[in-house]
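Working notes, structure below.
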Amino acid sequence: MKADAIIISAGKGQRFMEGRKKQFFSLGEKPILAHTLDRFDACPLIRSILLVIGHEDQAYCLEEIVEKFQYKKVSRIIPGGKRRQDSVWNGLEGLSDDAEIIVIHDGVRPFVTREMVEESIRSASRFGATIIAMPVKDTIKMAGPDGTVLKTLERESLWQAQTPQTFQVPLIRKAYQKAAADGFIGTDDASLVERLGKKVHILPGSYNNIKITTPEDLMLANLILKTRECTKGGE
């Protein structure tokens, strides 16, 4: 059972440090994006990786990431779109005709594990659509336009969606085509599939599977990395 991966790393990084894109910031001894690619390049169930990067960063990414760290499964570097949804669609358009399962992952989630990737592939092969998610730990309030609480949501039924999000290729293509026809912009890939009335299955991820969006996230990521290195060193 083989699958392809789309790694989305075309963000502009408006919430990060000025003048630097977050995916190219160093985490430990290598860029954040390289940590992410490590997991997918080493996964035996991943056949190829389509890396979606901002047009202006393609040459840099090829030389300083793909070639420097010798990633063998990166088959194409594809220019990103205006929004994340456009970038994913560009990746889907670049898939080979025989693609069956696609794993979509944020390039700035470097702590994804091989187990998450492999289990999501198996689940999507069986059910059609699978996301990695974790139960919400905090109390969530729904607020009105005036900034007052409308109600408190039942925490037991709330999950925080992560990536990878994994799908059978015909299903996710249909979902993206329907969204484009309707002018719908979703906050993640699964929301487009949900609009088709299809069930999306949840697999538990990890609270360490963070998306690095702010400088504070990078500080936390460095702490997670150091903790893992210390744990391995003590084995």
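Computed from the coordinates by the stated procedures, all read-outs in this text should not be read as laboratory data. Keep in mind that what you see is a predicted model, and the values were worked out from it rather than measured. As a convention, Cβ positions derive from the backbone with ideal geometry for all residues, glycine included, and neighbour counts pool all protein chains shown.
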Counting other beta carbons within 10 Å of each residue's own, what order do S157, S9 fall into, fewest first? S157, S9
Go ahead and set up a Gaussian network model of the chain, Cα springs under 10 Å, then flag whichever of D41, D138, D146 fluctuates most. D146
Label points 7 Å out from Cα along the Cβ direction at L223 and R20: separation in nm? 1.9 nm
Just how large is the dipole of region 87-235 about the Cα centre, in debye to the nearest 20, putting +1 at every Lys and Arg Cβ and -1 at every Asp and Glu Cβ? 280 debye
Let me test this: with uniform point scatterers at the alpha carbons of region 8-137, what is the Debye-based log₁₀ I(q)/I(0) at q = 0.16, 0.20 1/Å? -0.84, -1.31
GNM of the chain, Cα pairs under 10 angstrom: of S191, S123, S87, the biggest fluctuation goes to S191
When only C-alpha pairs under 8 Å and at least 6 residues apart count, what is the relative contact order of the chain, in percent? 22 percent
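Fewest Cβ neighbours within 10 Å first, please rank H105, H55 accordingly.
Numbers: H105 26, H55 11.
Least to most surrounded, the residues fall as H55, H105.
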GluC sites (Glu not before Pro) within region 1-73: DSSP coil, no more than 15 neighbouring Cβ in 10 Å: E18, E29
Of all stretches in the chain that avoid chymotrypsin sites (Phe, Trp or Tyr not before Pro) placed in a DSSP loop and having at most 16 other Cβ atoms within 10 Å, the longest is 70-183
Log entry: pair-distance distribution for the chain, C-alpha pairs binned every 5 Å from zero, whole % per bin is 1, 6, 13, 17, 20, 18, 13, 7, 3, 1, 0
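Output the relative contact order of region 79-140, whole-number percent, from Cα pairs under 8 angstrom with separation of 6+ residues. Let's see the in-between values first.
Numbers: 23 pairs, mean separation 12.3, N = 62.
Normalised by residue count, the contact order of region 79-140 is 20 percent.
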Sites matching GluC sites (Glu not before Pro) across region 151-206 that sit in DSSP coil, with at most 16 neighbouring C-beta atoms within 10 Å: E154
In vacuum, with every alpha carbon of region 100-174 counted as one equal point scatterer, what does the Debye formula give for log10 I(q)/I(0) at q = 0.14, 0.18 Å⁻¹? Two decimals, please. -0.60, -0.78
Quickly estimate the mean residue ellipticity at 222 nm for the chain, helices only: each DSSP H run with n ≥ 4 gives -39500 (n - 2.57), and the total goes over all residues, rounded to 500. -10000 deg cm²/dmol
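Could you tell me the calculated FRET efficiency between F127 and D182, based on Cβ-Cβ distance and R0 = 22 angstrom, to the nearest 0.05? Mind showing how you got there, number by number?
Values: r = 24 Å, r/R0 = 1.10.
The value I calculate is 0.35.
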In nm², what is the average projected area of the convex hull enclosing the Cα atoms of region 56-192? 11.3 nm²
